[in-house]
Amino acid sequence: MSALVRSFQTPSFAHSLRRVSSLPDNVTREQITALLGPDGEDDVYALLTSWEALGILLYRKEITIDLIDDFFSGPIVVSWRKLSGYVEAMRAEAKRETYFEWVNGSQNE
């Protein structure tokens, strides 16, 4: 378990979380680029894939919801509030409803 926690305690993860947290709610792809620069979407994607990995681990019972709640409930809910429109647009554009299917903070609000 400590290895999992350490994997989220990296400068890269903190950087991505900080940048996403600074975005307005329901941000668009264009706003991400305007606010975070041309590489801003990389930070968004890095954070979303981290949350996606936690969702899969939870589903497979490798970790508990209590552990996720203790460590990440606030950041996940805030991230979803910021990025839900972006994710929905990605899904529509790709015609793939399963993009980031494990990332959905709305059920935790």
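Projecting the Cα atoms of Ala89, Ser73, Ala3 onto the charge dipole of the chain, computed from C-beta unit charges around the Cα centre, puts Ala3 farthest toward the positive end. For region 1-87, the share of alpha carbon pairs falling in successive 10 Å distance bins from zero is 17, 51, 26, 6 percent. With a simple spin-label model that places each label point 7 Å from the Cα along the Cα-to-Cβ direction, the separation between Phe8 and Thr49 comes to 1.8 nm. Couplings 3J(HN,Hα) of region 50-66, computed from phi: 5, 5, 4, 4, 4, x, 5, 4, 5, 4, 7, 6, 7, 9, 9, 5, 4 Hz, in residue order, whole Hz [Karplus 6.51 cos²θ - 1.76 cosθ + 1.60, θ = phi - 60°; x for Gly and Pro]. Here the simple spin-label model places points 7 Å from the Cα toward Cβ, and for Glu41 and Arg91 these points are separated by 1.9 nm. Computed with every protein chain present, the accessible area of Tyr45 is close to 120 Å² [probe 1.4 Å]. Take every Cα pair under 8 Å whose residues are at least 6 apart in sequence, average their separation, divide by the length of the chain, and the relative contact order is 33 percent.
Share of the chain's accessible area from carbon and sulfur, percent, 1.4 Å?
Details: 3500 of 6660 Å².
It is 52 percent, rounded to a whole number.
Report summary: the helix-based calculation at 222 nm, which adds -39500 (n - 2.57) for every DSSP H run with n ≥ 4 and divides by the residues of the chain, gives -23000 deg cm²/dmol. The largest accessible area among Trp51, Trp102 belongs to the first residue in Trp102, Trp51, and the rest follow in falling order (1.4 Å probe, all chains). In a DSSP loop and with at most 14 other Cβ atoms within 10 Å, the GluC sites (Glu not before Pro) in region 1-91 are Glu62.
The values are calculated or read from the model by the stated rules, or taken from the named source; none is laboratory data. Owing to the predicted nature of the structure, the values given are computational and were not obtained by experimental measurement. Don't worry about glycine lacking a Cβ; one is built from the backbone with ideal geometry, like all the others, and counts go over all protein chains shown. Please note that ligands, DNA and RNA were not included when accessible areas were found on the heavy atoms of the full protein model with its side chains. Shrake-Rupley method; radii C 1.70, N 1.55, O 1.52, S 1.80 Å.
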